[in-house]
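Working notes, structure below.
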Amino acid sequence: MSIADIINGTQGANGASGANGKKPKDQLGQAEFLELMIAQLKNQDPFKAMDPSQFLGQLAQFGTVSGIQEMQNAFGTLSESMRASQVLDGATMVGREVLVASEEVSLGAEGGVRGAVDIPRETSELQIKVTDSSGQLVRTITLPDAEGLTEFEWDGVAVDGERAPAGEYTLEAIANIGGESYSLETLMASRVGSVTIDGARGLILNTTTLGERALSDVRRVM
């Protein structure tokens with residue numbers, strides 16, 4: 001069996017170690033590779049010396065296999081480090097309020113809801129229209145002239161002065177820009193109750209009024 005054949009066998013093993021932590025017999029380490037290479041050079045037929053290109057090919061093939069294994073180990077270590085970092089980041093978020101893009105919000109039996117709108121410079125008027133699940137207008141909130149990220153609050157009181165029932169509501173920001181009406185993105189505030197580490201989505205924030213939100217969705221930590 002040539003060194004190339006042994007290397008090919010190593011590739012098939014994918015670099016896995018045995019259950020007892022020892023290297024399987026069909027895997028070729030650096031020390032074994034050098035010993036076999038030296039032995040092959042010493043015992044070759046002087047009249048049929050090894051082709052230099054074949055020698056270099058074996059070196060390159062071994063280097064590729066070794067490099068892939070080292071890269072896999074490095075990625076594994078990096079993945080574990082990133083996971084640990086996410087857990088620490090998530091722990092600091094619990095109990096904090098975050099701003100995330102949302103038009104839907106849940107109003108409780110008590111208290112109100114908070115949010116924010118990024119107001120363009122040319123805006124002359126901005127109103128937040130609150131509607132219930134049936135599409136009926138519940139309340140209109142007029143924001144003062146401002147520019148940039150501006151916070152607002154709905155105390156849960158309807159236009160008739162009575163408290164609106166607990167439930168789901170939709171908030172729409174309507175801006176007057178240059179004499180025309182535009183709908184702007186609304187950011188709603190919610191408290192982080194817990195966090196979840198998801199293998200596909202990363203760190204997930206479980207908010208009290210907006211459900212699950214990815215950490216990348218957070219616009220501001222309040």
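Once the mean of 1/r is taken over each pair of separate Cα atoms and inverted, region 164-222 shows a Kirkwood hydrodynamic radius of 13.9 Å. For L203, nonlocal amide neighbours, meaning residues 5 or more places apart or on other chains whose placed amide H falls under 5 Å from its own, are D198, L215. Using C-alpha pairs below 8 Å separated by at least 6 residues, the relative contact order for region 97-221 is 35 percent.
For region 97-221, count all C-alpha to C-alpha pairs, find those more than 22 Å apart, and express that count as a whole percent of the total.
It works out to 39 percent of all Cα pairs.
Rule-based calculations on the coordinates, nothing more; no lab input. Since this is a predicted model, take the numbers as computed values, not measurements.
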